[in-house]
Every structure is written in structure tokens, then in C-alpha cells.
Amino acid sequence: MLSLLSSIRFSQCLGLVVSLTAFQLPSYAQTNINSSLVAQNETVTEEVIIEENTVTPINQTESLLSLEGGQRLMQEAEEAISQENYDLAATKLQQARRIFNQLSNFYLQLAESFAGIDNRITEEQRAGALKTASFRDESTYQLALVHRAQNKPELAVPLLIQIIRSQNPSSELGKKSYQQLYEIGFVQTPIESPDQ
């Protein structure tokens, strides 16, 4: 009886030793894996540092935060409109509008920062702000027209008013926006022609 218990315990102990040995092997393997990962991370970190030190201009055509990026979105919206995919067109125009608005604000902030310090930079940034604001208003107008095509004039009205405030009622885009408000029925008085 004792020898039977001893042999059971011996086999249990032997099983425990084998199990512990099995658990130890992966830890050695884990050490090798960790060393390998550390080496890979160092390589990746070096590549990232090299990439961070490389200066590339942000106005590349691939960048969305650029005049070209916004114009590309407007072109995609125009293609969607030609296919009568107004939902996609609205999404693209909203994105373009947001980009042009951000760019205009950034240029204006830079112009204000350099005011009285470097007039050349101030004027250049003001010109950038005006140009991108003009594109923003054009994309806003196109978005208002898309909303009209979707039979959602309530979404077009605030956009058209924003354009009039930004462009001035006497500008070409301001007049066209007011005409749209008149056609929608939001305003009752037609805009007068200069010859009247």
C-alpha cells in the first residue's frame, strides 16, 4: 500500500517537474522574443526620427489641408452632382468648406501675428486668407444649391446668409445668394439691378 502511494506521489512530482520545465522554456523563448522586439523598436524609432527630420511642404497635392486638397474635394462634389448623388456631393462640399475655412482662419491668424513686425508676411497671409475665404464661400454656395436639389431649403437658408455676410450683398456671389433666398421664399423683396 505504501509503495503504491509512493509511486503515485512520485509520478505526481515527476509530472510537476515536467510542467515546471515546460513553463520555463517559454520564458527563455520570451526573453529572445523581447530582445528581438526591442531591436525592432529601436529600428522603427530611428526611422521615425529620420522621417521627423525630413521637411516636406504641406501644400502638396496629397494633403487635405491645402488649397489643392479643398479644390479636389470640390471637383469630386461636382462629379457626384453630375451623377445626381447629392448626399455624396453634400459630404464633399462640407469637407471642402471646412478645409477652406480652416485655411482662411490660419492665414488670418498669421497675418495678425506679423502685423507691425513684417508687413510683407502680413500682406501675403491676408491675401491667402482672402483667397481661401473666397473658395469657402463658393463651396458654401454649391452646398446650398445641393440642399435645394435635395428639397431641403431650410438647410440652404443659413448658408446663403453666411455668404452674403462674408461677400457683401453687392458682390456677384452675394447677389446670387440673395436671389436664391428670394426663390426659396425666405425674402420677399427682389434685389434691384443697378440700372433700376
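The values are calculated or read from the model by the stated rules, or taken from the named source; none is laboratory data. Just so we're clear, the structure is a prediction, and the values are computed from it rather than from any experiment. Virtual Cβ from ideal backbone geometry, glycine too; neighbours counted across all protein chains shown. Protein only, heavy atoms only, side chains kept; ligands, DNA and RNA dropped before computing areas. Shrake-Rupley method; radii C 1.70, N 1.55, O 1.52, S 1.80 Å.
Among the residues making up the stretch 71-107, those that are open to solvent by 50 Å² or more (accessible area, probe 1.4 Å) and among the polar types (S, T, N, Q) are Gln71, Gln75, Ser82, Gln83, Asn85, Thr91, Gln94, Gln95, Asn101, Gln102, Asn105. For the stretch 103-158, a residue qualifies if it is touching a Ser or Thr at 6+ places or on another chain (Cβ under 9 Å), over 22 Å from Tyr178 (Cβ atoms) and of a type in the set (D, E, K, R), and the qualifying residues are Glu112, Lys131.
Flag not set for Arg148, criterion: within 23 Å of Asn101 (Cα to Cα) and loosely packed, with under 14 Cβ neighbours inside 10 Å. Restricting to the stretch 161-196, name every residue that is open to solvent by less than 40 Å² (accessible area, probe 1.4 Å) and over 19 Å from Lys92 (Cβ atoms). Selection gives Ile164, Ser171, Leu173, Gly174, Ser177, Gln180, Leu181, Val187.
Could you tell me whether the stretch 151-165 includes any residue that is closer than 22 Å to Gln75 by Cβ and not aliphatic (A, V, I, L, M)? No, because not a single residue in the stretch 151-165 is closer than 22 Å to Gln75 by Cβ and not aliphatic (A, V, I, L, M). Against the conditions (1) open to solvent by 70 Å² or more (accessible area, probe 1.4 Å); (2) in contact (Cβ under 8 Å) with a residue 24 or more places away in the chain; (3) not charged (D, E, K, R), Leu110 satisfies every one except (2).
The set of residues in the stretch 156-169 being over 17 Å from Leu130 (Cβ atoms) and at pLDDT below 95 consists of Pro169 alone.
With respect to the conditions (1) buried (at least 20 other Cβ atoms within 10 Å of the Cβ); (2) at pLDDT below 95; (3) aromatic (Phe, Trp, Tyr), Tyr141 falls short on a single one, namely (2). Close Cβ contacts (under 7 Å, 6 or more residues apart or on different chains) running from residues in the stretch 178-196 that are on the phi < 0 side of the Ramachandran plot and at pLDDT 90 or above to residues that are open to solvent by 50 Å² or more (accessible area, probe 1.4 Å) and part of a loop (DSSP other than H, G, I, E, B) comprise Tyr178/Pro169; Tyr178/Ile191; Gln179/Ile191; Tyr182/Pro190.
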